[in-house]
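The structure appears right after this line, and notes come after that.
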Amino acid sequence: MKKHLFILAAASLALGLASCEDVPAPYSINSQHGGSDGGETTVLLRADFSSTLNPFTNYTTSGAGAWVIDYSTAKASGYDNSSKQTTAGTYYLVSPELTIPEGQDAHVTFDYILRYNKGDENQQLLIINAEDFNADNVTRGWNVLSQTWVEGSDWSTFSTADVQIPERYQGKTIRVALRYNTNAQSGSTWEVKNFRVQLGKGGSGGGSTDDGTVHQLPYTAAFTSSLEGWTNVTTSGAGAWRNAYSCATATGYNNQVNVAGTYYLVSPEVQLGTETAHVTYQYILRFNRGDENQQVLISDAYDSANPTAGWTLLKQKHTEGTDYTTFSTADITIPQAFAGKKVRFAMRFNCTNSNSGTWEVKNFTVQNGQGAQDAETASGGGTTDDGGLKTLPYTATFTTSLEGWTNYTTSGGGSWVNSYNCATATGYNNKVNVAGTYYLVSPEVQLTYEVIHASYEYILRFLRGDDNQQFLITDAFDASKPAEGWTPLPARHTEGVNYTDFAKVDVQIPQAFLGKTVRFALRFNCTSTESATWEVKNFTVQEGVAGQSTDDGSGSGGTQTDETIGTPDAPNGDFENWTNGLPNNWKSASTASNATLSMSTDARTGSYSVLVKGSTAGNQRLAYKELELAPDRYTISFWVKAESASGASVIPGYATVVEGKNPTYFYLKDASGKNLYINDLTNTDWTQITMEFSLNATTTLCPLLMVSKTPGLSVLVDDFKLMNANGAELIY
């Protein structure tokens, strides 16, 4: 078996620092936020960069190059047009000190053009406490504020960044900086102007055109000459929605090159009435690479800090166009669960470096009435089933979508939706119950083992009888008759007392279904006088005996007990010990533990490993419980491989924790002090990763590994060890 070993080695790097000063020109520092800036009294710092870098200072920390004034902007580029050469270099444009008033929000805004983006890590907006800044060691101590930038298509159109400064800097004296990096092969060019630090709330980092207006029905965005208050949010890669050809347009293709990216165009808030409503829009779609790459979404809980979460899919079937003049029309009924709510819509576009569609949208309209799509799908929200046959082990987490499960509303109103990181069903809205029966139906699953069980976690509030929430199975599903042919599984549900503590169902699959291709369903029912709320997550079908059901599968009922595998008090570095679907001891009391974990039988040794779910929305951490370690030298070691053939990226580290909160993270570094990510993991070979670190005082910490949001793909982890300098194993 192929093996790799990564070890942290201590090294020193002499950095040459150079500063560059320019003649004075218009700029302003309002350290007491009492000065003026064209009538504004909230600007703490401004620099137009029209003719000088002042009051900022350039520091070149490696290689050559510097921030310069060019085209009335602060410009960073390693490329010289006359010689056609790129010169490697890293340079920081650092602000003077400024103070954020206690208890006041602040944000950073600036206009920029970014061309030939080689990765967001090469252009960064940084912040540091002024007391931690060292002009002799400029690279240390910074925190990244924003890392997603919009790739420009010309040298005249500026994008706008608007980035919130975290609350922990309130009342602090800080510096901010723009960090640029390029290698000697190819680099980007970054031009910045109109730089401001000012009081108030900021946007998502990609600029916002939403003016905060709540729109009433009927609502229309024509996109004829602008994006009309809709906001682009680029969540991975490059690219953005823009106004072109009198449409809202998304494409990753430019000048015979495809650039990977995922970007959402998010609407302002729209107030829906209690009547049935529908969405219509006209579109041209060319070079369709799969319906999952262009989606229309709805949410009543949009969070600009987590823009990929909380959406419900409205439609997934778009017609491939043959030219750029003939528009198709979509017409989709909005699920009844959103009636009476303030919602946002989004158009999500995705492309890769190897292919991209082009999607042009105009005349987006929301109005009362029934949509045409309802009659086609019988689900009210379109189908999300991709038709793929699922094999075991099969899991649907329902974290950010219904993951290929399809809603069928068979009577009344309402539907299953994705909310609160769950598949959620309720007939209650704004103190009114709406009668309805709706099934959430899985894709087809092939049951290939002799002993199989299915489980899920749930919260059930306001229980109105077990017959109103049922777990079903069938091997003869008919989409034209979605209420027929089901066999109830013996799932007994417990009434919850809050919306945070999940219970678990775990039932044996009856012998009659083994070896067959089946579908599962969650059936919810309510009346116009009473309704429960049912939230479900982490649905899993896998080989083995159910941990909670003592029923034989006949449907006569069962009992529920905690499921424990292995030895509860074992250190569990081998991931052989589990309780209720989670690995024992792998939970920090702080926010160091934020990843979704599940059991996997793809183990390096023993029977199990842990699957750490990745996400492009943010880095995901697998953290051990807090340990109090004496001064010594320690080694972290574990084995990891990617879940899929697309690869993955991880980094080892640890977090120091004070009173169960406010973790401070320390990660594996290279010789220059930069985080050393282990990239391009495969799903065929286990890779060993090792990190050494020293403690000079007794410290409370949790060892961890982080799954990078780039590319945001899941990994399997096994055989985690923590050893001291004498070789004693503290985790094994």
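Only the coordinates and a few stated rules stand behind these numbers; no lab work does. Since the model is a prediction, treat every value here as computed from it, not as a measurement. For neighbour counting, all protein chains shown are included, and Cβ atoms are generated from backbone atoms with ideal geometry for every residue, glycine included.
Details
- Computed over neighbours whose Cβ is under 15 Å from that of Met723, the net charge equals -3, Lys and Arg +1, Asp and Glu -1.
- Straightening the chain between Asn675 and Asn726 buys 15.7 nm, computed as 0.36 nm per residue apart minus the Cα-Cα spacing.
- The chain, relative contact order [Cα under 8 Å, separation at least 6], %: 10 percent
- Here the 3J(HN,Hα) profile of segment 401-414, calculated from phi with Karplus coefficients 6.51, -1.76 and 1.60 at θ = phi - 60°, is 7, 7, 6, x, 7, 10, 7, 10, 8, 9, 7, x, x, x Hz, Gly and Pro shown as x.
- Taking 20 Å as the cut-off, the amide N atoms of segment 431-451 that come nearer than this to a point 7 Å along the Cα-to-beta-carbon line of Thr601 belong to 444-451.
- Both radii come from the Cα set of the chain: Rg as radius of gyration, Rh as Kirkwood radius; their ratio Rg/Rh reads 0.98.
- Amide H contacts under 5 Å for Asn619: Lys709, restricted to partners 5 or more places along the chain or on a different chain, H placed in the peptide plane at 1.01 Å from N.
- Backbone phi angles across segment 391-399, fed through the Karplus curve with coefficients 6.51, -1.76 and 1.60 (θ = phi - 60°), yield HN-Hα couplings of 10, 8, x, 10, 9, 10, 7, 6, 5 Hz in residue order; Gly and Pro are listed as x.
- Computed over segment 214-377: relative contact order in percent, which uses C-alpha pairs under 8 Å that are six or more apart: 36 percent
- Projected over all directions and averaged, the alpha-carbon convex hull of segment 160-307 occupies 12.9 nm².
- Within-12-Å neighbourhood charge of Tyr499 [Cβ basis; K, R +1; D, E -1]: -1
- Mean ellipticity per residue at 222 nm, deg cm²/dmol - from DSSP H runs of n ≥ 4 across the chain, formula -39500 (n - 2.57): 0 deg cm²/dmol
- Applying 1/(1 + (r/R0)^6) with R0 = 56 Å to the Cβ-Cβ distance of Ala697 and Asn368 gives a FRET efficiency near 0.25.
- Approximate spin-label separation Val545-Asp303, in nm, with each point projected 7 Å along Cα-to-Cβ: 4.0 nm
- Loop GluC sites (Glu not before Pro), segment 262-337, which have at most 16 other Cβ atoms in a 10 Å radius of their Cβ (DSSP): Glu275, Glu320
- Among the chymotrypsin sites (Phe, Trp or Tyr not before Pro) in segment 260-353, those placed in a DSSP loop whose Cβ has at most 13 other Cβ atoms within 10 Å are Tyr324.
- Positive-pole candidate from Ser646, Gly404, Ile459, dipole of the chain, charges at beta carbon: Ser646
- Cross-link pairs Lys587/Lys721; Lys504/Lys537; Lys118/Lys709; Lys342/Lys431; Lys342/Lys537; Lys481/Lys516 - those with Cα-Cα distance over 18 Å: Lys342/Lys537; Lys481/Lys516
- Charged side chains reduced to their Cβ positions (Lys and Arg at +1, Asp and Glu at -1) give the chain a dipole of some 800 debye around its Cα centre.
- Along segment 569-583 the Karplus relation, 6.51 cos²θ - 1.76 cosθ + 1.60 evaluated at θ = phi - 60°, assigns HN-Hα couplings of 9, 6, x, 6, x, 8, 6, 9, 10, 9, 9, 6, x, 10, x Hz to successive residues, with x for each Gly and Pro.
- Summed residue charge, Cβ within 11 Å of Ala76's Cβ, Lys/Arg positive, Asp/Glu negative: 0
- Signed unit charges on C-beta, dipole axis of the chain, positive-most listed residue Leu272, Gly89, Thr601: Gly89
- For segment 406-527, the square roots of the Cα gyration tensor eigenvalues, ordered a ≥ b ≥ c, give a/c of at least 1.5 with a/b no greater than b/c, which places it in the oblate category.
- By average C-beta atoms within 10 angstrom, highest first, the peptides 477-488, 177-188, 158-169: 177-188, 158-169, 477-488
- Cα gyration tensor category, rounded, prolate or oblate, for segment 70-192 with a/c compared to 1.5: prolate
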